[in-house]
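Below is one structure, written out as structure tokens; comments come after it.
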Amino acid sequence: MTSNAVLASRRKDAIARGVGVMTEVFAERASNAEIWDVEGKRYIDFACGIAVVNTGHCHPKVMAAVEKQLKQFTHTCHQVVPYENYVSLAERLNDIVPGNFPKKTCFVTTGAEAVENAIKIARCHTNRPAVVAFGGGFHGRTYMGMSLTGKVKPYKKGFGAMMPDVYHVPFPVDLHGISVNESERAIDQLFRATLCPSNVAAIIVEPVQGEGGFYQAPSELMSFIRNLCNEHGIVMIVDEVQTGFARTGKLLAMEHYEDIGVYPDLTTMAKGLAGGLPLSAVTGKAEIMDSAGPGGLGGTFAGNPLSIAAAHAVLDVIEEEKLCEHANTLGAKLKDRLESIRVETPQIADVRGPGLMVAVEFMTSTDGNAGEGNRTWNPTFAKHVKEEALRRGLILLTCGVHANVIRFLPPVTIVDEHFDEALNILAASIGFAKAQEGKCGKIVEKALPLVESVGNGLLQGQ
């Protein structure tokens, strides 16, 4: 039997260091919300392959669909010899994506590819070059994807000039002192001082920022963007790569905005769409989707038949097992537990997120003399929570521009017993992080008199 340490060493020698890794746990097998590593240790998975296996690892229905397709054929390239399940999945997405208007779909392979193609389609439709995105947003690691992404390190650092005609405005986060009005004013100022709206092809936004920290876009912002796009003939692109497929308590997160009548022109999807197989899609208004000529969209592996079969099964499972409702139930339970921990944990600044797309944000704790204004980001606390949870058998992910957020992305199919076990590990891990911070505080407290003594001696010329 090999070990994680041996594999980690081999990985370091064989794989480019730019391919980051969040744990040195090497998976051997997985089932629903559980992963066993090569050493036989069991973990509860609250990462879900970054919001991919929403229906759990190796869901029987998804596995059966893939196995059935595997026996028929694995690849013809839809652009050469098409197949029926590609067409029927497009029909399902056209029906599912919010908006009461004719829609069409194209399939590609990754979330970044979906975003790239959405920008291509928007530019082709409008015959305009510029795109507006938001600070803290994440849209992929391709050149256009990272140009749209609102975070420099690690996504942009060292890669030279970004794509031209991409502009960023602040995303509203009350905790960080950015209001909806400030975001709207930033767009207005951009259009007055820098960029003519008649040159803008698209505005792209995540309904809940993923890598940025799980901040949900306020309804006021979404209405503002929709009205702005209507006024200036701009394509509204919504990136549902991380939010889609029961994650937020709706099949797609934009359903949360249906009551205010906001619908995107184009929607990008990936991750949870195919239950762990690579598949992404762009779905949108038919007249916009048809802007690109034949051959302008697609790809050799786009809409691979195995992934298409898996996606059909994923949609069936979400409906049959009522996973949207279950996501809301589990999310409420998780937030209640975090709020109870928050009472005795001043480092917890916020608990948030729709459905089972939940996050907790950590900031430095207040003391008797420090006001809220003196608090700052606490990535060390988040790191301690994540590392201690892993040691205890729970896989967590951090996120946020300041790396001070823990995000929770368990499979929506997780059983109650494992969910409760994970919450207990989480509580213990937060307690560990509090203790670690307390130790550091005591060390600093003991060191201060010595520092002051040395400083006074230096001032007195000793």
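Given the DSSP H assignment, sum -39500 (n - 2.57) over each helix run of at least 4 residues in the chain and divide by its residue total; what's the result at 222 nm in deg cm²/dmol, nearest 500?
-13500 deg cm²/dmol
Tell me the accessible surface of Tyr143 in square angstrom (1.4 angstrom probe, heavy atoms of protein chains only), to the nearest ten.
The value for Tyr143 is about 100 Å².
Can you list the lysines whose alpha carbon sits under 18 Å from that of Lys333, skipping same-chain ones fewer than 8 residues off?
Cross-link targets: Lys250, Lys322.
Mind listing which trypsin sites (Lys or Arg not before Pro) in the range 367-438 are in a DSSP loop and have 12 or fewer other Cβ atoms within 10 Å?
Loop-located and lightly packed - none at all.
Check the straight Cα-Cα distances from Lys12 and name the lysines below 30 Å, setting aside those fewer than 8 residues away within the same chain.
Partners found: Lys41, Lys151, Lys153, Lys156, Lys157, Lys271, Lys383, Lys386.
Hey, rough spin-label estimate for Cys196 and Lys439, points 7 angstrom out along Cα→Cβ, what's it come to in nanometres?
6.3 nm
Please work out the FRET efficiency for the pair Asp290 and Arg185, using the Cβ-Cβ distance as r and a Förster radius of 35 Å; give the result to the nearest 0.05.
For Asp290 and Arg185, the calculated efficiency is 0.45.
Explain nothing, just the number: relative contact order of the range 16-168, from Cα pairs under 8 Å at least 6 residues apart, as a whole percent.
Result for the range 16-168 is 11 percent.
Figure the gain on full extension for Glu325 and Lys68 (residue separation times 0.36 nm, minus the Cα-Cα span) and round it to one decimal in nm.
Stretched fully, the Glu325-Lys68 segment lengthens by 89.6 nm.
Set the Förster radius R0 to 45 Å, insert the Cβ-Cβ distance between Met1 and Val152 as r into 1/(1 + (r/R0)^6), and round the FRET efficiency to 0.05.
0.60
Cβ under 14 Å from Tyr43's Cβ, Tyr43 left aside: what net charge do those residues give with Lys, Arg +1 and Asp, Glu -1?
-3
Karplus couplings for the range 405-414 from phi (6.51 cos²θ - 1.76 cosθ + 1.60, θ = phi - 60°), rounded to Hz, Gly and Pro as x?
Listing the rounded values in order: 10, 9, 10, 10, 9, x, x, 5, 8, 4 Hz.
Below 8 Å, C-alpha to C-alpha, sequence gap of six or more: please give me the relative contact order for the chain in percent.
Relative contact order for the chain comes out at 20 percent.
How large is ³J(HN,Hα) for each residue in the range 51-58, as worked out from phi by the Karplus curve 6.51 cos²θ - 1.76 cosθ + 1.60 (θ = phi - 60°), to whole Hz, x for Gly and Pro?
Rounded to whole hertz, the list is 6, 9, 8, 4, 8, x, 5, 6.
Per 0.36 nm of contour for each residue apart, how much would the distance between Glu231 and Ala27 grow if the chain were fully extended, relative to their Cα-Cα spacing?
Gain in length upon complete extension: 68.4 nm.
Quick check on the chain: of the DSSP beta bridges with both residues there, what percent are antiparallel, nearest 5%?
Given both bridge residues lie in the chain, the antiparallel proportion sits at roughly 65 percent.
Between Arg391 and Ser9, what is the FRET efficiency for a Förster distance of 22 Å, r being their Cβ-Cβ separation, to the nearest 0.05?
E between Arg391 and Ser9, to the nearest 0.05, is 0.60.
How much accessible area per residue does the chain have, in Å², with a 1.4 Å probe?
45 Å²
Is there a quick way to get the dipole size of the range 148-229? I mean about its Cα centre, with the Cβ of Lys and Arg at +1 and of Asp and Glu at -1; what is the value in debye to the nearest 20?
Magnitude of the dipole: close to 320 debye.
Would you kindly state how much longer the chain becomes between Met163 and Asn424 on full extension, computed as 0.36 nm times their sequence separation minus their alpha carbon distance, in nm to one decimal?
The Met163-Asn424 span can extend by a further 89.4 nm.
The values are calculated or read from the model by the stated rules, or taken from the named source; none is laboratory data. Computed from a prediction, not measured in an experiment: that's the story for all the values here. Positions of Cβ are backbone-derived with ideal geometry, glycine not excepted, and every protein chain shown enters the neighbour counts. Just the protein is used for accessible areas: all its heavy atoms, side chains included, with ligands, DNA and RNA removed. Shrake-Rupley method; radii C 1.70, N 1.55, O 1.52, S 1.80 Å.
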